[in-house]
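One structure is given here, and the rest of the page talks about it.
The values are calculated or read from the model by the stated rules, or taken from the named source; none is laboratory data. Fair warning: this is a prediction, and the values are worked out from it, not measured in the lab. Here the Cβ is made from the backbone with ideal geometry for all residues, glycine too, and neighbour counts use every protein chain on show. For accessibility, only protein heavy atoms count, side chains too; no ligands or nucleic acids. Shrake-Rupley method; radii C 1.70, N 1.55, O 1.52, S 1.80 Å.
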Amino acid sequence: MADFSDYNDGKRGGRIRVRAKISQLDKKTLVINEIPFGTTTTSLIESIIAANDKGKIKIKKVEDNTSENVEIQIQLSVGVSPDVTMDALYAFTDCEVSISPNACIIEDEKPKFIGVSEILKISTDRTLSILKAELEFQKAEILEQLHFSSLEKIFIEKKIYRDIENAETWEAVIETIDKGLKPYKKLFVRDVTREDILRLTEIKIKRISKFDKKKADEEMKELEKKIAETKHYLANLTEFAINYFKNLKEKYGKGKERKTEIKPFDTIVATRVAANNVKLYVNREEGFAGSSMRSDEFVCNCSDMDDIIVFAGDGKMRMIKVTDKAFVGKDVLYIGVFNKEDDRTVYHMIYRDGLRGNVYVKRFGIKGLIRDKEYDLTRGTEESKVHYMSVNPNGEAEVVTVIHKEKKHLKKLEFEFNFGELDIKGRDSVGNILTRHPVKKVVQEEKGKATLAAIKIWYDDTVHRINRDEHGKYLGEFSGDDKILTITKKGYFELHTFDLTEHFDEGTILIEKFNPEKPISAIHYDAEDKLYYVKRFMIEPTSRKTLFISESDGSYVEMASTAANPEVEIVFGKTDGVSPRNKKMNLAEFIDVKGRGAKGNKLSDYKVKDIMLMEDVQGEMADKEQPEEESGNPEAKADKADIVKGKKDSPPREVEFEIVMPKKESVKEFEVKKSKKSKVEKAKTPKKKGKAGKNQMKLF
């Protein structure tokens, strides 16, 4: 595989990213079937082992099963994600290499660095000039053949060869032939030269005796046709050159097709996929943190490429690199791994301004920091102190109890505060005054729920990855335990998390947010029966990749949908010389929801040529009706309630409605015959009453 996004037209500074082809055999095994250009299986395995020794990846062993085809199996350690390891192999080993192009030509005996597009233009212009010269040469040759054929025809047909019998000298022979050709010189392509006459004298008597005028005319017509064709090519040289290149490809390209798959690669952030090869420790009282302090408090596992963020009791904050031991500030309140791209973590802090100042509360996010720089999160007054600090990965807002110090005339010794009532601001914000009295301590009463909106996820089918950058198909908003459902062409379904490091198969035919209440409608081909089947089943939440069609080789899923009423159009092929008409089918009406292991119902006895998934019409109608139902129009709601409940005491109204006949029934035209009555009869006729004594509704 190769990515030419940064090719830069082959100029200096460009690069080509080439990757090995890695697939997942199971949860504990990765397989490499193709290796990048410029590498060997030996060098690739050595780079994988080196990355493992440095702690960048965690693998158990590497097996080289290469024979005719490349096959390198990588056994993963227990608890290691295959998706993260796959990205780590691209980031830290020779599974991805960069090739730097630098196109150069020699012009006037000097090197010249230009782009490939310009080289191609120069080469194409050169090819055009060569093709033009070849056509001009071909045209001259054909004209020469036509010229001599005309001379030969006149010489023999007009019997000029008989006039030379009385000539006594060689010069007289030439003059006689020239004199005989003179009346016909306008018919020739060019002027007759002495060489032409000498060539006529070399014609043998045998050829003269067997001369065929009809055959000669046909040959001359063929030559004239070739001349016209050559002139056409010269007039349309560009078109001729395009056909020339196409013929070259057809003639010499067979068996030499491109084997490298060209596709854009996703950008892998090394810090995301690096293995946690370092243990972080901290001494909160003395203010030191590092990986070599094994006798102190353990914080977390991290990578040597991670950044660490530290909050101290005096309201100071700093970001450092993971080292053996470093001073981070005394009275450490919080220490952990900092992700620069994280925009969902919210920090809560309650601090005292100075020794006797007010107590402030703030809720803030942190985006960009400079390494080893100290930041003051308080107002900057000396002897400020942090009473409470919490880190909330998903913007949770907890409730705390603030307990005052005992003081005369202070009636309220404690009160509750909900961080959800506070807006999220920047780290430099001072915050709001929480209380003007001294605080003894702050106690968390209950953990808060997430206050941030769910994450919007998109799926980019070019790189087969999910993202938050609005690239590709929108999947929906995700939070908590939400999953992504995928169904592949090979007949597997799988539930994925919405972690951006997730990998998705290239054969994915359906990907969407998982809804456990929606049944799956699928049409699959059974290679053993050589028939198409329709099945509908529910998916139970599972972490395993599950097969739901036949295991026979050649079986595959033609289409899959989670729509309530999926409709398909079936295009049939010829069966015994007969082509049935296309058929539309509602899968929800065709088959009921059954178990995952059921084969399903046979789609058709006829040969199926194509199956096209149509839109869920009924589902769309329901969606269009929903906004009207939720609208703030009280009259519309009242009308709907009356119709549903069938109230009898409702006042008479004029209602416009449309009569929809049931499906599969023919609609018959009918007319309402009105009897002609006199005005007196109309007056005597009483009005019909409803069951409740009210006038019935008028129909229009």
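How large is the charge dipole for the range 151-243, taken about the Cα centre, if only the Cβ atoms of Lys, Arg (+1) and Asp, Glu (-1) carry charge, to the nearest 20 debye?
In debye, rounded to 20, the range 151-243 gives about 320.
Probe of 1.4 angstrom, ligands and nucleic acids ignored: what's the accessible area per residue over the chain, in square angstrom?
Values: 45580 Å² over 700 residues.
With the other protein chains kept in place, the chain gives 65 Å² per residue.
With each run of n ≥ 4 DSSP H residues scored as -39500 (n - 2.57), what mean residue ellipticity at 222 nm is computed for the chain after dividing by its residue count and rounding to the nearest 500 deg cm²/dmol?
Computed ellipticity for the chain at 222 nm equals -7500 deg cm²/dmol.
How large is log10 of I(q)/I(0) for the range 192-283 at q = 0.14, 0.18, 0.22 Å⁻¹ when the intensity is taken from the Debye formula with one equal scatterer per alpha-carbon?
The Cα Debye sum returns log10 ratios of -0.92, -1.05, -1.18.
Treat every Asp and Glu Cβ in the range 60-138 as -1 and every Lys and Arg Cβ as +1, leave all other atoms uncharged, and give the resulting dipole magnitude about the Cα centre to the nearest 20 debye.
Using only the charged Cβ atoms, the result is roughly 180 debye.
How big is the charge dipole of the chain about its Cα centre, in debye rounded to the nearest 20, if each Lys and Arg gets +1 on its Cβ and each Asp and Glu gets -1 on its Cβ?
Here the size comes out at about 3200 debye.
Quick one: net charge around Gly426, please, counting Lys, Arg +1 and Asp, Glu -1 for every other residue with C-beta under 12 Å from its C-beta. Before the final figure, lay out the partial values.
Working: positive: Lys362, Arg363, Lys367, Lys425, Arg427; negative: Asp423, Asp428.
Counting the neighbours of Gly426, the net charge comes to +3.
From the Cα gyration tensor of the range 150-212, with a ≥ b ≥ c the square roots of its eigenvalues, which class applies: rounded if a/c is under 1.5, or else prolate if a/b is larger than b/c, or else oblate?
Note, shape of the range 150-212 comes out oblate.
In whole percent, what relative contact order does the chain give with Cα contacts below 8 Å and a gap of six or more residues?
Dividing the mean separation by the residue count of the chain yields 7 percent.
Given a 1.4 Å probe and every protein chain left where it sits, what share in percent of the accessible area of the chain is carbon and sulfur?
49 percent
Can you order the peptides 368-379, 458-469, 572-583 by their average number of other Cβ atoms within 10 Å per residue, highest first? Spell out each step's value before the answer.
Values: 368-379: 13.8, 458-469: 16.1, 572-583: 11.0.
The most tightly packed comes first, giving 458-469, 368-379, 572-583.
Longer than 20 Å from Cα to Cα, which of Lys153/Lys225; Lys158/Lys214; Lys121/Lys251; Lys513/Lys609; Lys535/Lys584 are they? Say none if no pair is.
Long pairs (Cα-Cα over 20 Å): Lys121/Lys251; Lys513/Lys609.
If eta is 1.567 mPa s and T is 4 °C, what Stokes-Einstein diffusion coefficient results for the chain, Kirkwood Rh from Cα pairs, in µm²/s?
This corresponds to a translational diffusion coefficient of 36 µm²/s.
Sort 307-316, 211-220, 587-596 by packing, meaning the average of other beta carbons within 10 Å per residue, with the highest value first.
Ranked from most to least packed, the peptides come out as 307-316, 587-596, 211-220.
Quick one: angle between helix 237-252 and the longest Cα principal axis of the chain, in degrees between 0 and 90, rounded to 10, please.
Taking Cα atoms only, the helix is inclined about 80 degrees.
With both bridge residues required to lie in the chain, what share of the DSSP beta bridges run antiparallel, to the nearest 5%? Before the final figure, lay out each step's value.
Values: 122 of 127 bridges.
If I count the DSSP bridges inside the chain, around 95 percent turn out antiparallel.
Quick one: how many lysine pairs in the range 393-479 have C-alpha atoms under 26 angstrom apart, if they're 8 or more apart or on different chains?
Close lysine pairs found across the range 393-479: 19.
Within 10 Å, count the other beta carbons around each residue, average over each peptide in 291-301, 56-66, and list them highest first.
56-66, 291-301
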